Each structure stands twice: as structure tokens, then as C-alpha cells.
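What follows is a single structure, written as C-alpha cells, with notes after it.
Coordinate-derived values only; no laboratory data. Computed from a predicted model, the values in this text were never measured in an experiment. Here the Cβ positions follow ideal geometry from the backbone for every residue, glycine too, while neighbour counts run over all protein chains shown.
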Amino acid sequence: MQERIRRRLAGTREAPPPHELAAYPGDLNVPLERLPIAPEKLLPAAVLVPLVERAAGLQVLLTQRTDHLRQHAGQVSFPGGRAEPGDRDAVATALRETREEIGIDAGFVRVTGYLDPYVTVTGFCVTPVVGFVRTGFVLRPDETEVADVFEVPLAYVLDPANHQVRRAERDGQRLRYYVIEYRGRVVWGATAGMLVNLYEKLRA
């Protein structure tokens, strides 16, 4: 599976600056004409899609955010966040945020490629950075941001039978989003959309 992932993600690249999204050759989850704000006003961000190398197979590591956060409170997400001026690129952002949020050092991560950029309704253009994480790390969650850290088998995530599509209305717009449920956990929105994007890239 690791070789398949490396092969499928070879040549992928991080999301361009928001003002250059119109020239992006891949797929966006939201058509440019339906972006929540003008492309140039989107804020760059990155997340790590951590694939932990367990003996039983690759596991997707996810976090449950605390309930008091201003954005995405209580949601299941990847470690990551907004780019900072000192970040060299999306990989630097994703690895820094992963270390800050759950304590996994960059030395445990081998970046293998990128998924398609994901535009959120909160105004971020997110680059999902896919990386293999070797075991031996010690989790140190930031209690102000992270309520829990857990893993889901990658094989479960890649099974289309586990991909639900739901619809909702927000600010007069009809929204379509993915949901993946696992042992009482509900992964939805951007995180589920990125996992489905990983499935689509591996299926192609």
C-alpha cells in the first residue's frame, strides 16, 4: 500500500497562493464562482494527513478538537492550521502544527505528496500534506486545542461503502458534504472530503 500511495502521489504539489487558484490544474472542492469569499482573500493553511505505520497496516491519525474553540469546535480533524510568516511552505506549516498540537516531531514523518487543495467555508485554502509516520512517537496533545487523538484503519477509510454523502443548507446555499463514521466517531466536512480525495487519487 505504501508503494501505491507513493506512486499515485508522485508529482503532486501544494496548493498555489489563493490569488493563483484560477490556474490550478487539479480539482477544487468548491468551484471558483462559488467560493465563500474572493480567492485573493482566502488564507493559506495546511494539514498533515498522517498515515501511521502499524504492524497491522497503515492507520489514519485524527484529532478531536476541544469544545471551546472559536472555529471547528468539537470536530474531528487532521493536525494543522493557518500558515505563519516563518513557514517556508505547506510542509513546514503542517509539520509545525502537528508538533504543536499533538507533539509528533518532524523526524517521525516522511512526506510523500499532496492531496488537492480544499477551500473551507471559513475562508481557508488548505493544502493536505500526506506523510508516513513511523512508530515510536509519544503523543503530547495540546489540551487547549485537542481533546483526543485516535486512529482509523486506512483500509476502512478507503472503502467507498463507508463514504456517506449528506446535504445541508447554509446562508441560502445548498451544501453537499461527506461523512465517515467509525466506532462512534463522526468524521465530516473538510476532513472527510480530504479522505475521499485520497481514495479517489488511489483509485485512479
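Summary of values
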| read-out | value |
| --- | --- |
| Kirkwood Rh in Å, taken over all unlike Cα pairs in the chain | 17.2 Å |
| D_trans [Stokes-Einstein, Kirkwood Rh over alpha-carbon pairs] for the stretch 91-204, 4 °C, 1.567 mPa s, µm² s⁻¹ | 82 µm²/s |
| Residue-span extension gain [Arg176 to His163] - 0.36 nm each, minus C-alpha spacing | 3.4 nm |
| Largest-first ellipsoid semi-axes for the stretch 9-91, taking √(5λ) over the Cα gyration tensor eigenvalues, angstrom | 25, 19, 13 |
| Gain in span if fully extended, Arg13 to Thr122, counting 0.36 nm per residue against the direct Cα distance | 36.9 nm |
| Virtual spin-label span in nm between Arg54 and Leu202, 7 Å along Cα→Cβ | 1.4 nm |
| Additional length obtainable on full extension of the chain from Arg6 to Glu33, 0.36 nm per residue less Cα span | 6.4 nm |
| Average Cα contact separation per residue, the stretch 2-157, under 8 Å, 6 or more apart, as relative contact order % | 32 percent |
